[in-house]
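Data block below; observations after.
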Amino acid sequence: MIALFRLLLVLLVLQTIAYVGLSLYSRSVRKGKLEAHWEKKDAMKGDKQAFVERGLQRYDQSFRRKLILGVYIVPWVAIVALIYIRNYM
Amino acid sequence: MGYVKWAIILIFWAFVGSVLHYALPHHDTVRIVNTYEERQELNDWTRIFWAVPDDQSATLINRDVQFIQAVRANGRPIVYRNEDTGWGWPFYFKFDTANLYTEAADKVSSKDNPEWVSVMHYGWRNEFLSIFPNAISVKAVDGPDYSPIPWFNILFLTAFFALVWAIYVRWRRFRQRRIDPMIEDVEDSLYAAGDAIEERRGRLRRWLDSWKSK
């Protein structure tokens, strides 16, 4: 049983690192896209900074951001599936 | 100096490749001859090629290990061990060692009435180090020339190298955009300082040289 907890702990740490890294990366990609969009469109008036900030706020509440939480779920689903396939089929 | 960098990169990827080759599953088409259990002394460095059962005490250096003896289609023997991988590495989550032992014993056959099976295993067989591949599952097949396509390995390696490539490309882009300009600035200022020192030295040197007979 203690080996299970060890696996749990290591996996949790790795998942948290992956989650934080992926969130930061995804946010910076979104920021880059917002800036590129602003510069491409001639019709954009007003402050670029404000536009990017609004866009980022909308992104923060979006479903896409919540999908990154899948980093916690997918490995455990895979482990359960593996255990079932390996031992009970 | 370039050779050193390439040597290190090569050694690193050779290590990654060997770890992958050890841990990824392979399939052998064999005829099972016998199963037995033997006490193993695991007190030297080759311990890393044997499993660490979840409930084994840390100081235990010998335990009973189950083995499955088999013969390949070309007549050469291969012996597998049969151990739990448990919750640890490699992540096969194999808990049904005793069941596999029973299945293997059930499939024992003789040379004149062979029953061919496909053994999925990982690990290496090395006679010098006395290490054995770990059998994961045993499946009955039609004949000795059963050779399945390793779908899982193909998918896994593709995904793995795609991930490595994706991270590498993004790291390079990040380096070009953020780190290189900063290093160039530092280099520029170092060069400027070097030039200033050179200038001062130049005057003294010229005065000293004027004393040498040319």
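Divide the volume of the convex hull of the Cα atoms of the stretch B:150-199 by its number of residues and quote the answer in cubic angstrom per residue.
Looking at the stretch B:150-199, the number lands at 58 Å³ per residue.
Placing unit charges on each Cβ (+1 for Lys and Arg, -1 for Asp and Glu) gives the protein assembly as shown a dipole about its Cα centre, and among A:MET89, B:GLY143, B:PHE156 the Cα reaching farthest toward its positive end belongs to B:PHE156.
The mean count of C-beta atoms from other chains within 10 Å of the C-beta of residues in B:44-50, rounded to a whole number, is 0.
When the C-alpha to C-alpha distance is required to be over 25 Å, the pairs from A:LYS45/A:LYS66; A:LYS40/A:LYS66; B:LYS94/B:LYS139; A:LYS41/A:LYS66 that qualify are A:LYS45/A:LYS66; A:LYS40/A:LYS66; A:LYS41/A:LYS66. Scalar couplings 3J(HN,Hα) for the stretch B:80-92, obtained by applying the Karplus form with A = 6.51, B = -1.76, C = 1.60 to θ = phi - 60°, are 10, 9, 10, 10, 5, 9, x, 8, x, 7, x, 7, 8 Hz; x denotes Gly and Pro. Normalised by 2.2 N^0.38 Å, with N the number of residues, the alpha-carbon radius of gyration of chain A equals 1.63. Helical runs assigned H by DSSP (4 residues or longer) give chain A a calculated mean residue ellipticity at 222 nm of -29000 deg cm²/dmol, each run adding -39500 (n - 2.57) before division by the residue total.
Peptide packing: for B:39-51, B:74-86, B:171-183, the average count of neighbouring Cβ atoms within 10 Å per residue gives the ranking B:74-86, B:39-51, B:171-183, highest mean first.
Average projected area of the Cα convex hull of the protein assembly as shown, in nm²? All intermediate terms of the calculation are to be shown ahead of the outcome.
Details: hull surface 127.0 nm².
Here the figure is 31.7 nm², rounded to one decimal.
Annotation: aspartates and glutamates with alpha-carbon distance below 13 angstrom to A:LYS31 (same-chain offsets under eight excluded): A:GLU39, A:GLU53, A:ASP60.
Given an 8 Å cut-off on Cα distances and at least 6 residues of separation, report the relative contact order of chain B as a percent. Could the numbers behind the result be given before it?
On the way: 251 pairs, mean separation 42.8, N = 214.
Dividing the mean separation by the residue count of chain B yields 20 percent.
Dividing the radius of gyration of the alpha carbons in chain B by their Kirkwood radius gives 1.33 for Rg/Rh.
Which residue fluctuates most in the GNM of chain B (Cα springs below 10 Å): B:SER110, B:SER189, B:SER147? Residue with maximal mean-square fluctuation among B:SER110, B:SER189, B:SER147: B:SER189. For the segment B:79-90, counting C-beta atoms of other chains within 10 Å of every residue's C-beta and taking the mean gives 2.
Each stretch of four or more DSSP H residues adds -39500 (n - 2.57); spread over every residue of chain B, this sum gives -14000 deg cm²/dmol at 222 nm. With a 10 Å cut-off around each Cβ of B:96-104, the average count of Cβ atoms from other chains is 1.
Under the definition of Cα pairs under 8 Å and six or more residues apart, what whole-number percent is the relative contact order of the stretch A:2-88?
Working: 26 pairs, mean separation 33.5, N = 87.
Contact order relative to length: 38 percent.
Mind checking which of A:LYS45, A:LYS31, A:LYS66 has the largest fluctuation in a GNM of chain A, springs on alpha carbons under 10 Å? It is A:LYS45. Of the residues B:VAL138, B:VAL164, B:VAL33, the one that moves most in a GNM of chain B with alpha-carbon contacts below 10 Å is B:VAL164.
Just so you know, all these numbers are worked out from the coordinates, no wet-lab data involved. Keep in mind that this is a model prediction, so the values were computed, not measured. All Cβ positions, even for glycine, are placed from backbone atoms using ideal geometry, and neighbour counts span all protein chains on display.
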